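Any read-out appearing in this document is the output of simple, stated calculations on the displayed coordinates, not a laboratory observation. From a predicted model like this one, the values you see are computed outputs, not experimental measurements. In this analysis, Cβ positions are derived from the backbone assuming ideal geometry, glycine residues included, and neighbour counts consider all displayed protein chains.
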Amino acid sequence: MPEKIVVDARNMACPGPITKLTKAYRKAKPGDIIEVLATDPGFKPDVQAWVQRTGNELLELKEEGGVIKAVIKVTAKK
Amino acid sequence: MAKGLAIIMFTGQAEYFIPLAVLTQTAANFGIPVRIFVTGFALPYFTKNKPEPRFSKEFEDMVPKLEEGMKKLNMPSWYDIVKEAKETGDVKIYVCSLMAEVMGLKKEDLDPIVDDIVGAAYFMQTTEGYQVIFI
């Protein structure tokens, strides 16, 4: 069963949020959904670059009240 | 994307350890190999009796705000970031054999974060095709 993993990286500076996401990704299984919350102003382009680099799917990327939410589907793991 | 990052860490002031940590961690997150060559004035900070790096006098007016901001963000030290990058990615730290010799340092005097003492030829050969960053 695919799981939903929440990564709370709020109030962390670069490269903290991507590091936390990478760690969660290492443990994730194919099909899992990773939801990352971050406040780092560089997180939006950074998470897009991460998705491009790792070949996973970005389902959602939005900012609300100063918090950036990225929802990623683990598709690059076999 | 680069095949790997070859970082030559030469400078010893505290501000230079921030990009070292950030670039190393980011490359580790991306699965990009990192090879760090420690030489020059950066060497003391990779020994067992390492001092705390000091910020350049030139920028001392900026330091209180910088330190306050980093504290507010609970930013780990450069050392902890690099150590963590070594655990998650393919990161190796080499100390320049010339500098080690000149400063009278042996492998056992170096911090456990250091993988080995090597010469420039080994470093150049093993980082062939890597993007080179001189700090």
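To two decimal places, what compactness ratio does the stretch B:93-135 give when its Cα radius of gyration is scaled by 2.2 N^0.38 Å?
Details: Rg = 11.3 Å, N = 43, 2.2 N^0.38 = 9.2 Å.
The reported ratio for this selection is 1.23.
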Provide, in order from the shortest bin, the percent of all Cα-Cα pairs of the protein assembly as shown in each 5 Å bin, continuing until the bin that contains the maximum pair distance. 1, 7, 14, 16, 17, 15, 12, 9, 6, 3, 1, 0
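Peptide A:12-24: average number of partner chain Cβ atoms within 10 Å per residue? Kindly include the intermediate steps, with their values, before the conclusion.
On the way: counts 3, 7, 5, 11, 7, 0, 4, 9, 1, 1, 8, 4, 0.
Across A:12-24, the average partner-chain Cβ count within 10 Å equals 5.
Take every residue in peptide B:77-85, count the Cβ atoms of other chains within 10 Å of its Cβ, and give the average of those counts. Please list the in-between numbers first.
On the way: counts 0, 0, 0, 0, 3, 0, 0, 2, 2.
Average neighbour count from other chains, rounded to a whole number: 1.
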Counting DSSP beta bridges with both ends in the protein assembly as shown, the antiparallel % (nearest 5): 40
Non-local residues with an amide H under 5 Å from the amide H of B:Ile7, with H modelled 1.01 Å from N and Pro and chain starts lacking one, are B:Arg35, B:Ile36, B:Phe37, B:Ile133
For residues of B:23-33, the mean tally of beta carbons on other chains within 10 Å: 4
So what J values fall out for the stretch B:127-135 if you push phi through Karplus, 6.51 cos²θ - 1.76 cosθ + 1.60 with θ = phi - 60°, rounded to Hz, Gly and Pro as x? 10, 4, x, 7, 7, 9, 10, 9, 10
Which percent of Cα-Cα pairs in the stretch A:9-55 sits in each 5 Å bin, short to long? 5, 21, 34, 26, 11, 3
Reachable aspartates and glutamates from B:Lys107, criterion Cα separation under 19 angstrom, eight or more residues apart if same chain: B:Asp115, B:Asp116
Alpha-carbon Rg with Dmax, taken over the stretch B:5-134, Å: 14.7, 43
Using packing as a proxy for protection, rank B:73-85, B:103-115 so that the peptide with the highest average count of other Cβ atoms within 10 Å comes first. B:73-85, B:103-115
Per-residue HN-Hα couplings for the stretch B:101-116 [Karplus 6.51, -1.76, 1.60; θ = phi - 60°; Hz; x = Gly/Pro]: 5, 4, 8, x, 9, 10, 3, 5, 7, 8, 4, x, 5, 7, 7, 6
Sorting check: for A:3-14, A:58-69, which peptide has the highest mean count of neighbouring beta carbons within 10 Å, and how do the rest follow? A:3-14, A:58-69
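What ranking do A:27-38, B:5-16 get when scored by the average of other Cβ atoms within 10 Å per residue, highest first? Don't skip to the answer; put the middle values down first.
Details: A:27-38: 17.1, B:5-16: 19.8.
Taking the mean over residues of other Cβ atoms within 10 Å, the ranking is B:5-16, A:27-38.
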Counting alpha carbon pairs within less than 8 Å and at least 6 residues apart, what relative contact order, in whole percent, applies to chain B? 40
Output the 0 to 90 degree angle, nearest 10, between the alpha-carbon long axis of helix A:16-27 and the longest principal axis computed from the alpha carbons of chain A. 10
Of the listed links A:Lys29/A:Lys69; B:Lys48/B:Lys86; A:Lys23/A:Lys62; A:Lys62/B:Lys65; A:Lys20/B:Lys48; B:Lys3/B:Lys71, those spanning more than 27 angstrom between alpha carbons are A:Lys62/B:Lys65; A:Lys20/B:Lys48; B:Lys3/B:Lys71
